[in-house]
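Report on the following structure.
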Amino acid sequence: MRRKNCRFTVYLLLVLFSIPHVYAEEQIQQLKVIDLKADYEKDPIGIDFIPQLSWRLESGQRGLTQTAYHIIIASSLEKLDAGNGDIWDSGKINSSQSTGIYHDNWKLKSRQRYYWKVKAWQNEGTASDWSEPAFFETGLLGQEEWLSGWIGYVPGMPGRVQYFKGTLYPREKIKQARAYISGLGYYELYINRKKVGNNVLDPAQSSYGTRVYYVTYDIADYLLQAPNSFVIPVAQGWLGSPRLRIQVEITYQDDTTEILTSDRFRSVTTGPIKYSTIFDGEHYDARLENPQIYEPGVPPGLMNQEWAWAHNTDDPAGKMVSQRVEPIRIVEEITPTLLKEPAPGIYVFDAGRNLAGWASLRVKGDAGTKISLRFAETLHENGSVNQENLRNAKATDTYILNGKGVETWEPAYTYHGFRYVQVEGLPSKPLEEDIRIKVARSDLKQSGKFKSSNPLLNDIHQMVVNTEASNLHSVPTDCPQRDERMGWLNDLTVRIEQAIYNFDHSRFYPKYLQDVSDTQDAHGTITCVAPFRFGMRPADPVSASYLLLAQKSYEFYGNKRVIEEHFDGMKAWVDYLNSRTNNGIVDYSYYGDWCPPRDFLMDPNGSGVSRDTPGQFISTGYLYYCANLLSDMAKVIGRETDVTRYKALAKEILLAINREYWNEQTGGYAANNQACNSFALYLGLPDETKAPRVIKNLVEDVKKHDYHLTTGNLCTKYLLEVLTEQGHHDVAYKIATQTTYPSWGFMLANGATTLWERWEYLTGDAMNSHNHPMMGSVGSWFYKYILGIIPDFNHPGFAQFSIKPYIMGDLQFAEGELDTVKGKIKSAWRRQGNNLTMEIGIPENTTAIVHVPGKSVRDITEGDRKISTVKEISVLEEAKDYVILKVGSGNYQFKSSI
Ligand code: BGC
């Protein structure tokens, strides 16, 4: 009996001791380092700076944090495999950081591929295996590596698309081939008649006098061991007159190299694209197609009626910079419905929603038949397209048939904002498939999802997403259709958060921040739009977007470098605004809280300036906001003097605004309207004695307008957020779910699929875009307050964040997610009577501060267990209406009573 017992004890001990061991082994297998990115891109080629490295962790475990990492970067795959980090061997670094890692001492050379891998340790002490290898390849690191300059045929072929041509005669077997290329305004590269890559409308816009983006292509697969023809049609795009700069670099099997500079592409001619402009559209004459253009070899008899010789030009003067933003691509194709034949032979197609892109055409008919496609957002009563609100943009493509059977065509260098296409001149009634809609935009990944029990909110969300998606064209444009399409910084101030929840802007915003910075002059002024093609200098002081681009890139993506690089510029802008103050009040404003509902406009038939909300109040509020943002960012990069200096400036401005705009009698700011009071509360202008009065006034004003807003592009954001945070989420909910004018529901009720520029339904020759993101800040309110996902600036890159959903209105459930640099965050809740179920997903290597709606920790369970028994959860506080928990990674299901 004793022996038996003894054996049992030994057995038990064995089991006990072996469990941790097995567990540890399991962990080793489970923890994986994945999703390696260099400057937020997987295996990029052509980068011309030291990239920031990032990765994610994957494991099935809860409560996982990274305690250390080890990175090896090597100049060849063999070295990497052998663990020889000749570029960098970090050794084991005790840190949870997994984004924004780089070192200035990595010695990178041009045209070199670098391989890297990562190993990570987790809190239990065990390590992952090495990750799969990743790489990044450099482009041309110095300007001197561009062996030739820009070429163009400046005086000739006015308005025409110019086709540049060159030939490569390989002298050996080709081992590697790269093309470094930029053509302004827009270009495409064809090798042996085949288009290289799937970028469209390249290069990304920039201030061409400062920088021009080039793209690096691996062209090896396009080349033959025979004469190869290169044809590069270049359209005027945003530049106006075509220019080309190209360098093709071939490495042969014997390791000799050959470089074709722009010099080898001087033969230039015109072709079937007679002209193509962004606003007016493209004109293509298929009778002018000339297969000879694509034949290898120098065209005979150069400088004749057909061919000219491109000359060197000294513009654009900007430096060549590798294009690191997602290119514009065709992201979706739609077969439209054939809606109407408003007059004989005129057909109107409906894409089903407003969007940006163009249409392709399939047709058969006689040579010389001219087809036109006219694009518009709305229809006249008779069903024909209404282009009046496009101002002077003609938005019309034309195609002339060559008569050689079935012809298919689509434009290359223009795009339109439209829902309807009117096709005229067809030889016979078309089939629906004869027109295909091509949706084109900067190919950013959608990062957020949102759904709720209220279909109206879901439709608003979709409308916001459609609008944002229509306005990503290498800059965040204001609209895609009329003669504008500019990156307006005033709109962007309230758009950034919406956009960053819906799409992955880790590369797009740093690029755009550079665009803004490129407009800055010696006085620190920036311009109303970037690149500067419209509006004023200095920009409206509401352009806090300059700072927010950096602040949000840091907060969402852990990108500290943008703060380091742009700090002095942002500071110069804030100093400039400060130099424009009198007694602490900024002395100018152009737009302020732009485009409130018509009754609140200075001139109901004029521009969008508010009648009541003083522009200088808004301008000064933004100076206060920016001074604080700058101080916070100074802290991140250790600029201690600036931390104090801009906090002090903020304090000064705060006193000035309160002195100038606080009204003791009314208990509100400036006009005591929704805009002024919500902005004041958002900024934290009132102290505890003033704040309750301001909130009361704000709520009363909303009620006075029967739960409608009276705000414009900026303060609409603050209105919803402030009401929600001040305990009036049901008031905010009523505003958001209105269906009568002015509201998002009113837009939907009037057939909108994208947001309007005005709260009114307007058509005609005036400012009334139907695809304008500036009123879309409700889009971030869904994520921030209904799902409750909020990042933490002090723990950037979602190292820590909070989840705090507000259970509001008649909502029964809400669910959604956000794909972050650490992985997917999930937030969902559902209520049944007083019972609430909340499900959340927290990515590895993050911690969430979770606010579970409920009264007491005793009423809350996780996975049907008491909270106190779950080791990944610690209780922080029982607050009003919420129990606040600190939760490690993993999936959780909470139940509570509310
Ligand atoms: C743009 C708006 C911008 C406004 C400022 C308009 O033309 O479309 O988005 O807010 O100008 O004046």
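The values are calculated or read from the model by the stated rules, or taken from the named source; none is laboratory data. Just so it is clear, the model here is predicted, and its values are computed rather than measured. We place every Cβ from the backbone using ideal geometry, glycine too, and count neighbours over all the protein chains shown. Calculation scope for accessible area: heavy atoms of the full protein, side chains included, ligands and nucleic acids excluded. Shrake-Rupley method; radii C 1.70, N 1.55, O 1.52, S 1.80 Å.
Of K560/K804; K37/K560; K449/K824, which sit over 21 Å apart, Cα to Cα?
K560/K804
Looking at segment 134-176, which GluC sites (Glu not before Pro) are DSSP coil and have at most 14 other C-beta atoms within 10 Å of their C-beta?
The qualifying sites are E172.
Which value results when the Cα radius of gyration for segment 673-827 is divided by 2.2 N^0.38 Å?
1.11
Mean shadow of segment 636-752, computed from the convex hull of its alpha carbons, in nm²? Mind showing how you got there, number by number?
Details: hull surface 36.5 nm².
It is 9.1 nm².
So if I take the centroid of the Cα atoms in segment 831-888 and the same for segment 490-542, what is the distance between those two points in Å?
Segment 831-888 and segment 490-542 have Cα centres separated by 39 Å.
Taking 30 Å as R0, compute the FRET efficiency from the Cβ-Cβ separation of Q292 and N392 and round it to 0.05. Walk me through the numbers before you get to the answer.
Values: r = 37 Å, r/R0 = 1.23.
Once the sixth-power term is evaluated, E becomes 0.20.
Points 7 angstrom from Cα along the Cβ direction at T689 and N458: gap in nanometres?
A separation of 5.1 nm, rounded to one decimal place.
With the crude spin-label approximation of a point 7 Å out along Cα→Cβ, what separation in nm comes out for A226 versus D819?
4.2
Distance in nm between label sites at D864 and E58, each 7 Å beyond Cα in the beta-carbon direction?
The modelled label-to-label distance comes out at 3.0 nm.
State the three equivalent ellipsoid semi-axes of segment 502-641, derived from the C-alpha gyration tensor as the square roots of 5 times its eigenvalues, in descending order and whole Å.
Working: eigenvalues 147, 63, 40 Å².
Here the semi-axes work out to 27, 18, 14 Å.
I'd like the GluC sites (Glu not before Pro) in segment 571-673 restricted to DSSP loop residues with at most 13 other Cβ atoms within 10 Å, sorted by number.
Numbers: sites: E640, E652, E660, E664; in loops: E664.
The qualifying sites are E664.
Give me the tail of P(r) for segment 827-898 as a percent: Cα-Cα pairs with distance above 19 Å.
23
What is the dipole size for segment 820-872, taken about its Cα centre, with +1 at each Lys and Arg Cβ and -1 at each Asp and Glu Cβ, in debye to the nearest 20? Show your work: numbers first, answer last.
Values: 10 positive and 6 negative charges, 20 e Å.
The dipole magnitude comes to about 100 debye.
Roughly to the nearest percent, how much of the accessible area of the chain is carbon and sulfur, given a 1.4 Å probe?
That fraction is 48 percent.
Would you please calculate the Kirkwood hydrodynamic radius of segment 743-887 over all C-alpha pairs and express it in Å, rounded to one decimal?
Numbers: mean 1/r = 0.0576 Å⁻¹.
Averaging 1/r across every pair of different Cα atoms and inverting gives 17.4 Å.
HN-Hα J couplings of segment 385-390 from phi, Karplus 6.51/-1.76/1.60, θ = phi - 60°, integer Hz, Gly and Pro as x?
Computed from phi, the couplings for segment 385-390 are 6, 10, 9, 4, 7, 7 Hz.
Could you give the spread of the C-alpha atoms of the chain along their three principal axes, from largest to smallest, in whole angstroms?
For the chain, the Cα spread along each principal axis is 99, 81, 57 Å.
Which whole-number percent of Cα pairs in segment 453-559 have a distance greater than 25 Å?
On the way: 1209 of 5671 pairs.
Percent of Cα pairs beyond 25 Å in segment 453-559: 21.
Roughly speaking, what is the stretch gain from E878 to K404, that is 0.36 nm per residue apart minus the C-alpha to C-alpha distance, in nm to one decimal?
Stretched out fully, the E878 to K404 stretch lengthens by 163.0 nm.
Run the numbers on segment 353-482 and let me know its relative contact order in percent, using alpha-carbon pairs under 8 Å that are six or more apart. Please report the intermediate quantities before stating the final value.
Values: 227 pairs, mean separation 48.1, N = 130.
In percent, rounded to a whole number, it is 37.
Between D521 and D730, 0.36 nm times their residue separation minus their Cα-Cα distance comes to what?
Stretched out fully, the D521 to D730 stretch lengthens by 70.6 nm.
Contact order normalised by length for the chain, with contacts defined as Cα pairs under 8 Å and 6 or more residues apart; what percent is it?
Normalised by residue count, the contact order of the chain is 10 percent.
Lysines within cross-link reach of K173: Cα-Cα under 30 Å, excluding same-chain residues under 8 positions apart?
K42, K79, K109, K165, K194, K195
Which values, in whole Å and largest first, are the semi-axes of the equivalent ellipsoid of segment 145-301 obtained as the square root of 5 times each eigenvalue of the Cα gyration tensor?
In descending order, the three semi-axes are 26, 18, 13 Å.
So, R0 is 25 Å and r is the distance between the beta-carbons of E381 and T739; what FRET efficiency does that work out to, to 0.05?
In this case the efficiency is close to 0.55.
Over segment 597-650, what is the mean sequence separation of C-alpha contacts under 8 Å (at least six apart), divided by residue count, expressed as relative contact order in percent?
24
How large is the accessible surface of T270 in square angstrom, using a 1.4 angstrom probe and rounding to the nearest 10?
That residue has around 40 Å² of solvent-accessible surface.
Based on the mean of other beta carbon atoms within 10 Å per residue, what is the order of 520-531, 458-469, most packed first?
On the way: 520-531: 20.2, 458-469: 22.8.
Packing order, densest peptide first, comes out as 458-469, 520-531.
For n ≥ 4 DSSP H runs only, could you compute -39500 (n - 2.57) per run for the chain, divide by its residues and tell me the 222 nm figure to the nearest 500?
Calculated from helices alone, the mean residue ellipticity at 222 nm is -7500 deg cm²/dmol.
If you stretched the chain out fully between D568 and K92, how much longer would it get, using 0.36 nm times the residue separation minus the C-alpha to C-alpha distance?
Extra length from D568 to K92 when fully extended: 168.0 nm.
Can you compute the FRET efficiency between E432 and I259 using 1/(1 + (r/R0)^6), with r the Cβ-Cβ distance and R0 = 51 Å? Round to the nearest 0.05.
Given R0 = 51 Å and the Cβ-Cβ separation, E is 0.55.
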